[in-house]
1. When residues of region A:52-79 are filtered for being closer than 25 Å to residue B:171 by Cα and in contact with a helix residue (DSSP H, G or I) (Cβ under 7 Å, 6 or more places away or on another chain), how many remain?
2. Check every one of the helices (runs of 4 or more DSSP H) wholly within region B:164-255 and list those with 2 or more residues that are touching a strand residue (DSSP E or B) at 6+ places or on another chain (Cβ under 9 Å).
3. What about residue A:185, is it over 13 Å from the mean Cα position of the chain (by Cα), part of a helix (DSSP H, G or I) and modelled with pLDDT of 95 or more?
4. How many of the residues in region B:256-290 are within 26 Å of the chain's Cα centre (by Cα) and either at positive phi or surrounded by fewer than 11 Cβ atoms within 10 Å (Cβ to Cβ) (or both)?
5. Determine whether residue A:307 is within 19 Å of the chain's Cα centre (by Cα) and touching a residue at least 12 places away in the same chain (Cβ under 8 Å).
6. Within region B:113-121, is even one residue assigned to a helix (DSSP H, G or I) and either on the phi > 0 side of the Ramachandran plot or not assigned by TED's automatic domain parsing to the domain that holds residue B:11 (or both)?
7. Mind listing whichever residues of region B:137-171 are within 24 Å of residue B:320 (Cβ to Cβ) and either within 13 Å of chain A (Cβ to nearest Cβ) or surrounded by fewer than 16 Cβ atoms within 10 Å (Cβ to Cβ) (or both)?
8. Which residue is nearest to residue B:18 (Cα to Cα), if the candidates are limited to region B:291-315 and must be surrounded by 15 or more Cβ atoms within 10 Å (Cβ to Cβ) and away from chain A (no Cβ under 14 Å)?
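The values are calculated or read from the model by the stated rules, or taken from the named source; none is laboratory data. This structure is a prediction, so every number in the text was calculated from the model and none was measured. Cβ: placed from backbone, ideal geometry, glycine included. Neighbour counts: every protein chain shown.
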């Protein structure tokens, strides 16, 4: 973090989703870098133990303002955004329905953006999105997936409510950027991992049928260690001259699905798994999709070509733009990140 | 071609959309939500371009034949009234209304205007419930039911729903007279209403909070409910709602003077229990084998339904909507008798009065008129 970034330490900063897996790290990164005027937005129903642990570790943590509310309430958004100049918007809808995902992502963001423009002193709005917005269906295997790649144009066909919500959320942010001058930056983290998140990413494989299926296997995973990701997010709120830009967040030296699963099995527990090569996975997904259509949804199209490509196709994930424009680099290398991730499974670990 | 509209474009509207799309000779012509973006997101996914944020404007400009109302229950009465007054038939999601008085008023309005209504008791129309109804019609029970039991469980693990509700006293579920119960139990109560007559002479409800909900911070929200009932003809009923029972128990037991039927929603099964006497030790061997045969028959039946593309999620909703639309087109009786809709609402009123104590519980429902 450079001197220019440090000069913003007195700015009032709002973090939504501040008790989440990434949100707590963002708060921690800000506190560790001397930012003191923090406001953390949490849902009334949230168990905020994880956030409180972080706040206890820093002297300035006691001054952090906790605002409880619902982003679907304009009044709550107004309270949260009052006097704020930088927003880190990490709150995400985990609802599995399309309507729920839209409501908790796009509508919530619309409310927050409007409150920020009315009640805040808008300097930067960092919208944390996801790799789920991309479509690589028509990309070749081995091609690079970067910020210029096409976005998903049929999230319904992909049966991905989360991706739909994130796509619509981005649309809201871009629209306000265009019509109201919202100074936004969009970040699209890949698969964020680290202590605190124990499940295997669906990009490695699936256990839907009672045993684990390693899908593809040779596909690099767009991994980003949670500390690295949080630093990228923080930088996006501070770096000058990047308004309106979009950045992918992925670490260096990415592991493949097979490498990740192998390390997981070695350190966590051994279990039976079956390797499904990508062409076979694709064929099975085509069959599933066709059956879902023929049966009028008796089986929902949870497996389909779009999802297969998005999660298991062998693409490369460069991080050139974020390095060049934000000056970000993954501080924790992939080996240390894996060690830290796997250590949470050791007996006695929290 | 029936022209339908949906008011309230939240989660449940997606299910209505899918169900309506499965039914021939109808189409969705417009969507309405007080938050226009919600209407548009559903419209974008379903190819419906007419989206509104004002019901009056939608009714005037589109004049749908049928309106599906899928908003929170507090708005049901006024929205349904508006639709009926403008000449549309109404499918009203459960719970039908907040009070029985509202339910009666709406049904009266519909009848006056020669329009039809139905309640979103879609689980009354699942494949297993249809099979049960065929058995009852064939006199399998051997007469009027002696006793009926409805068990209904709900998994608190789904924090998407419970979390926001517990987190805010202002949440619409917390504002209902029966709170959590009000939004969920009508499915289970409606099953009993089908077999009880209108004259309920006895009703006793008790409720408490489970340790699990207490741990989640539910404060005054109750989540365990037990109800005993008896009608004038002597049929008794028991209703159990629980968030604790595992595995989930969603079933209906109907005991007749000769045989009984168990309808298990969890696995889509209908189990027939026949009154048969077996001598000596055969009592211990034959009935379990017959039970196994019965379950095997259910597995075979479900597999056949799967192959026939009938075993999809929400088949009950599709069937109910189909029956409702048919009743409109053929001017036949509504799929759920109005008597049952009103009785369900009255039983719920009495339960909430007893457990939340906002008035002295009578323990007896007034006779339903008409």
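1. Number satisfying all stated conditions: 8.
2. The helices (runs of 4 or more DSSP H) meeting that bar are B:179-184, B:186-193.
3. no
4. Going through region B:256-290 one residue at a time, the tally reaches 1.
5. Numbers: within 19 Å of the chain's Cα centre (by Cα): yes; touching a residue at least 12 places away in the same chain (Cβ under 8 Å): yes.
The answer is yes for residue A:307.
6. Checking region B:113-121: not a single residue is assigned to a helix (DSSP H, G or I) and either on the phi > 0 side of the Ramachandran plot or not assigned by TED's automatic domain parsing to the domain that holds residue B:11 (or both).
7. Of everything in region B:137-171, those that are within 24 Å of residue B:320 (Cβ to Cβ) and either within 13 Å of chain A (Cβ to nearest Cβ) or surrounded by fewer than 16 Cβ atoms within 10 Å (Cβ to Cβ) (or both) turn out to be B:137, B:138, B:155, B:158, B:161.
8. Among them, the one singled out is B:301.
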